[in-house]
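The values are calculated or read from the model by the stated rules, or taken from the named source; none is laboratory data. Since the model is a prediction, treat every value here as computed from it, not as a measurement. Cβ atoms come from the backbone with ideal geometry, glycine included; neighbour counts cover every protein chain shown. Keep in mind that these areas ignore ligands, DNA and RNA; they rest on the heavy atoms of the full protein, side chains included. Shrake-Rupley method; radii C 1.70, N 1.55, O 1.52, S 1.80 Å.
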Amino acid sequence: MNALNALKSLTLRGEIRILARTRHLQMPGKSLFSRIVDFLIPRVAAGLKVPAEALRMFRSANALSGLDRSTLPTELIPLNTIQLSRGLLNFTVLQSLDGWVLPYWAERQYDPSDPGFVPRSHLGLSINVTRRNWTAVGSPPFHREPVVDPRGAVMPFSNRWTIEPWLKSGGTVFFPSRAGAVRQWLRDELPVVTTAFDCGALVLEETVSVTGATLAVDVTVTNTGAAPAACELAFAVRPFNAEGACLLGSIYLDSGRHAFVLDAAEEVMLPGAPSAVHCSNRSEGDSAAAFAARTDPGAPSAAACDAGLANGWAAYPLTLGPGEHRTLRSTVSLDGKGTPAGTIDEAAGAWRSVLDGGTLIDTPDSAVNALLRSSLSTLLLLADGDAITPGPWTYHQFWFRDAAVMLRALDAFGHHGIVRDVLRSYPSRQESSGYFRSQQGEWDSNGQALWTAWQHACLAHDDAIAPEMEAALRKGADWISRKTRDEDDGLLPRGLSAEHLGLADRYFWDDWWSVAGLEGYARLCLRRGDQAEARRARGEAAALRGTVEAAVAAVMQARGLGEIPAGPARGVDSGMIGSCAPWYPLQVYPPEDPRLRRTLETLMARYGLRGMFFQNFIHSGMNAYLTLQIAQAWLYAGERETFWEMFCTVARHASPTLNFPEAIHPLTGGGAMGDGHHGWAAAEVAMALRNAFVSELWSGDRPDITLLGGIPRAWFAAGKRLSILGAPVPGGIISLRVECGEAETDIGIEFEERDRGGARRWSLRIPAEVSRVTVNGRAAAAVAVEENETTITLVPAPGTTAVVLDCRVAEKRSSQ
């Protein structure tokens, strides 16, 4: 019996007990499972003729990864197996499809003249690591988000085929994935994507939208020339997407319903009876070749493919006079019910009504306004009832970590109902031990769940908690205390945690989130009048805070560091990005802590690339949301100009559709890792702008609120206007309007009180030296002027507070 068969024969009939009694398994300090694995692996490897050196390297890699049964995130196995298996499929299939029209990323990544060229070599995997970009579309009430790639290929269903428009005019054939020049944008910064190409005198414009549960692909061809033009427009179904091959087994045209039927389950509704159809498979070749050649009236209208490369197109002839245009529409039912699609305007209107129901920010910079509006649309798009996900595709699953950041942003912009729906699911996501689990070894999740619930109560001014939620939060707080007490040093154990910190290790990030979560839970208990539980939680938070602080001090002293490393066994590395957390967003340490400046400076000095943070661990790219975490830590420290410079750098790296991949390739500018439309990045954009206008500084049970602390100096020039309207803050709803005149600047503050948990004071920070300040017609009593900054301290009051600034001193200085 060979080694594989021996392994298969192991059952519960007694073989494991027999093995356990052999001398090979008498290894103290290891579990029975580990001893059995150690016993079997060499025998299986020998049966497969795996070299001993390969086995030693495998064991070493496994040991260095830090992963074991307690830290291995089995929840990620579905995601990772899809990624790896598609990489293997791409390697096997794509490079052998000579002459086929490939998806945009592969056309570029396989091109040796492209800066994103990646040799395949012996790796055996081919994955999109140079242009992981796409843009999600959807409708507010629906949970599925189709995506559009940078050349307009539309993927209605996750990990499946795409639709794309092709055009032929005379002897010229236009395939979008091979186009050099393209224009792509969002309609009104909403989840409606338009992609446009110039095809000689013809312009091809595709707009993708969703109304209800129906995806619509509207393709308009316009003749911009002075003579009539004849062309042929095709809707092509491709067995590829922005990750690679997708295994499409069959395609046929249902001529009675004017629809392509795919794998006998999915349908693409066509704009009527086509003049020509061609379906093909792996053995017959790419149907694109038939489109480029003279149309064959006897072409097959169905194809099956064992290799999963079924493909086809349906064509429509158009004759356009000068200036004339024609629009054809293809639709896909996303829920299988075949509901009619609405118009593009109806799709956009549904999003406008949702956005207009939240906080509104208007700045003198139209590009900033557009980026914010797109980012808020992204957050709303990725909220799917009882879950919120950090991406529409690769990361379309729930994590407490991403949820903490994204839900905080939605609460900060007044979308409390959406947050409440997600929070109601938290008890069902909790194990009986009290562990809030989205993946194993993610020890920051309990602190994040507690912190999110407290933030929601503060900003939604809602202390009502369902009994099951109250019990879940209490159990979650108890879990933190038990988990840390079980460890010899009182810190949370080794885990994978956030992958941007590195491989499995012990991370202060987990402990800081736990401290902040316990403190937030204590404040939540105080809001609800539960003094005893608040004291207990606060005591646990203080004890853990002291333990973490001692561990931080010890490793800094032992290694001679002025900055805070990622964990108790780490030095300076890019995982130290996690050491921003105690300042932003958690405010565990005060802004004047000298370790803050040293940590932030070291991060950008060693890992900054073109003004952005380059994460060496796993991401291997410039990261928008991590850069914005550093920026907002600087804002917390009062460094307005550094914050704004970093924000503008990130904004310049937004895609044409105003979103970000998780990490940005330094040469192509495209996505290098993760989801191509990242929700955490959208949340940090939204929070950076909200905090520039209104930010809380927590110390004790009530915050101070800073107003206009991150607004750039250029926005205070004469003639500029800016505002934030309907912003939730602890205690109520605040609005600010700023109008900058030639000699005076008027600032109106409106505050609607909602509860008694509001700020102790407001600090209005102006990026100029102001000679005179009046508040409600009287000279301001508390004004501090430092170089280039004026701080006016105000007592929070319901109603309207009118502040007038004499800016002539600032103007004189700027002219000098």
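Those residues that are within 21 Å of residue 525 (Cα to Cα) and open to solvent by less than 40 Å² (accessible area, probe 1.4 Å), I need them from region 751-778; list them, please.
Passing the criteria: 755, 757, 758, 759.
Which count do you get for residues in region 527-539 that are open to solvent by 50 Å² or more (accessible area, probe 1.4 Å) and either of a type in the set (Val, Ile, Thr) or assigned to a helix (DSSP H, G or I) (or both)?
6
Test residue 254 against the stated conditions and say whether it is over 20 Å from residue 291 (Cβ atoms), surrounded by fewer than 24 Cβ atoms within 10 Å (Cβ to Cβ) and without any contact (Cβ under 8 Å) to a residue 60 or more places away in the chain.
Criteria met by residue 254.
Every residue, every condition in (1) surrounded by 20 or more Cβ atoms within 10 Å (Cβ to Cβ); (2) out of contact with any strand residue (DSSP E or B) (no Cβ under 9 Å at 6 or more places or on another chain); (3) of a type in the set (Val, Ile, Thr), yes or no:
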position: 547; (1), (2), (3): no, yes, yes
position: 569; (1), (2), (3): no, no, no
position: 580; (1), (2), (3): yes, yes, no
position: 594; (1), (2), (3): no, yes, no
position: 598; (1), (2), (3): no, yes, no
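Would you be able to say whether some residue in region 449-457 is in a loop (DSSP other than H, G, I, E, B), in contact (Cβ under 8 Å) with a residue 60 or more places away in the chain and either within 26 Å of the chain's Cα centre (by Cα) or crowded, with 18+ Cβ neighbours inside 10 Å (or both)?
There is no residue in region 449-457 that is in a loop (DSSP other than H, G, I, E, B), in contact (Cβ under 8 Å) with a residue 60 or more places away in the chain and either within 26 Å of the chain's Cα centre (by Cα) or crowded, with 18+ Cβ neighbours inside 10 Å (or both).
Restricting to region 154-178, count the residues that are open to solvent by 50 Å² or more (accessible area, probe 1.4 Å) and either outside any loop (DSSP other than H, G, I, E, B) or touching a strand residue (DSSP E or B) at 6+ places or on another chain (Cβ under 6 Å) (or both).
2
Name the pairs: first residue in region 114-130 and closer than 15 Å to residue 95 by Cβ, second residue in a loop (DSSP other than H, G, I, E, B) and of a type in the set (Asp, Glu), Cβ to Cβ under 7 Å, at least 6 apart or on different chains?
Note: pairs meeting the criteria are 117/111; 128/243.
State all residues of region 116-138 that are in contact with a Gly (Cβ under 9 Å, 6 or more places away or on another chain) and more than 20 Å from residue 82 (Cβ to Cβ); if no residue qualifies, say none.
Selection gives 116, 135.
All but one of (1) surrounded by 22 or more Cβ atoms within 10 Å (Cβ to Cβ); (2) assigned to a helix (DSSP H, G or I); (3) under 21 Å from the mean Cα position of the chain (by Cα) hold for residue 477; which doesn't?
Single failed check for residue 477: (3).
Exactly one of (1) surrounded by fewer than 24 Cβ atoms within 10 Å (Cβ to Cβ); (2) of a type outside the set (A, V, I, L, M); (3) modelled with pLDDT of 95 or more is unmet by residue 744. Its number?
(3)
To keep it simple, each residue is scored yes or no on (1) open to solvent by 10 Å² or more (accessible area, probe 1.4 Å); (2) among the aliphatic types (A, V, I, L, M).
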position	(1), (2)
402	yes, no
405	yes, yes
419	no, yes
431	yes, no
434	no, no
442	no, no
446	no, no
460	yes, yes
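What's the total number of residues in region 355-379 that are farther than 17 Å from residue 652 by Cα, surrounded by fewer than 21 Cβ atoms within 10 Å (Cβ to Cβ) and either within 19 Å of the chain's Cα centre (by Cα) or hydrophobic (A, V, I, L, M, F, W, C) (or both)?
2
If you take just the strands (runs of 3 or more DSSP E) that sit entirely in region 281-392, which of them hold at least 2 residues that are β-branched (Val, Ile, Thr)?
Those strands (runs of 3 or more DSSP E) span 325-333.
Checking residue 658 against (1) modelled with pLDDT of 95 or more; (2) of a type outside the set (Lys, Arg); (3) open to solvent by less than 10 Å² (accessible area, probe 1.4 Å); (4) assigned to a loop (DSSP other than H, G, I, E, B), which single condition isn't satisfied?
(3)
Restricting the search to region 92-132, which residues are out of contact with any helix residue (DSSP H, G or I) (no Cβ under 8 Å at 6 or more places or on another chain) and open to solvent by less than 50 Å² (accessible area, probe 1.4 Å)?
Selection gives 93, 97, 105, 109, 111.
Sort out which residues of region 407-417 are open to solvent by less than 10 Å² (accessible area, probe 1.4 Å) and of a type outside the set (A, V, I, L, M), and write them in order of number.
411, 413
Anything in region 556-588 that is assigned to a helix (DSSP H, G or I) and more than 32 Å from the chain's Cα centre (by Cα)? List them, or say none.
Scanning region 556-588 gives 556, 557, 558, 559.
All but one of (1) part of a helix (DSSP H, G or I); (2) surrounded by fewer than 24 Cβ atoms within 10 Å (Cβ to Cβ) hold for residue 634; which doesn't?
(2)
Considering only residues that are outside any loop (DSSP other than H, G, I, E, B) and surrounded by fewer than 22 Cβ atoms within 10 Å (Cβ to Cβ), look in region 480-522 and name the one that is modelled with the lowest pLDDT.
505
Just need a number here: residues in region 650-679 that are at positive phi and touching a residue at least 40 places away in the same chain (Cβ under 8 Å).
2
Could you grab me the full set of residues in region 69-106 that are at pLDDT 95 or above and either in a helix (DSSP H, G or I) or closer than 14 Å to residue 241 by Cβ (or both)?
101, 102, 103, 104, 105, 106
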